[in-house]
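Heads up, the thing below is written out as structure tokens.
Nothing in this text is a laboratory measurement; each read-out follows from the coordinates by a stated rule. Small disclaimer: the values here were computed from a predicted structure and weren't measured. Because the Cβ atoms are built from the backbone with ideal geometry, glycine has one as well, and the counts that use them run over all protein chains shown.
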């Protein structure tokens, strides 16, 4: 299995631009999580999906952030417009159903907003 | 609100010794706790999960304890090796049927040859 796939791996953009991060979960996993990691705040859950349905989006910072999961094998996290304070590493993770609480993380997208 | 604390200072130990990392939590009674390893530039990797009714769990050179009275988990790496050098993250479930995890900031471990 290829594991969780994220793209791009690095993104540098200017303030005000739209940023789209992409994630392909592990096949058969029906939970998908989007995280943001910074030195000061550590790993923060932004949103998670179960069977393509958003379950908890309480961590989404504000209306500039949106996430979608149109099918079981693809999800996007969009920031529009981007701001310098959005600079962080964004991780996608997936997990199995039932009692399998373990989360499998992708390599992350390092975002720098200038 | 729920709060998790891990050793904020980096831990430096000599190869072959046992490393012990601490995870303390407050205002909360988690059903389970997980430990992950994170290497620079990479995503966290799952190591062990321990449930509230389990006192101890082992996997090869790793051992995790869970004391719900002290609200503390200890993570041990025995016979440590330089390859064990990484940041170790503790994560707790947020309760109910929610799959949300609450994460500590991690402890950096350096094993010196």
Packing-ranked peptide list from B:6-15, B:92-101, A:31-40, highest mean Cβ count within 10 angstrom first, is A:31-40, B:92-101, B:6-15
List the extent of the Cα atoms of the protein assembly as shown along each of their three principal axes, largest first, rounded to whole Å.
49, 38, 37
Between residue A:51 and residue A:38, 0.36 nm times their residue separation minus their Cα-Cα distance comes to what?
1.9 nm
Using the Kirkwood radius over C-alpha pairs as Rh, can you work out the diffusion coefficient of the range B:47-113 via Stokes-Einstein at 10 °C, viscosity 1.306 mPa s, in µm² per second?
119
Please average, across the residues of A:82-95, the number of beta carbons from any other chain that are within 10 Å of each residue's own beta carbon, and give a whole number.
1
Which three extents, in angstrom, do the Cα atoms of the range A:35-106 have along their principal axes, listed largest first?
38, 26, 20
Multiplying the sequence separation of residue B:79 and residue B:20 by 0.36 nm and subtracting their Cα-Cα distance, what value in nm do you get?
20.1 nm
Here the whole-number average of other chain Cβ atoms within 10 Å per Cβ of B:30-38 is 2
Remind me, relative contact order of chain A in percent, using alpha carbon pairs under 8 angstrom and six or more residues apart?
37
How high is the relative contact order of chain B? Use alpha-carbon pairs under 8 Å, at least six apart in sequence, and give a whole percent.
35
FRET efficiency, residue B:10 to residue A:7 (Cβ-Cβ, R0 30 Å, nearest 0.05):
0.40
Return, ordered by residue number, the residues of the range A:2-22 whose backbone nitrogen is under 15 Å from a label point located 7 Å along Cα→Cβ of residue A:112.
A:9-15
Could you check the spin-label model distance between residue B:31 and residue A:96? Points 7 Å from the Cα along Cα→Cβ, value in nm.
1.7
Taking only the Cα positions of chain B, the convex hull volume per residue in Å³ is 101
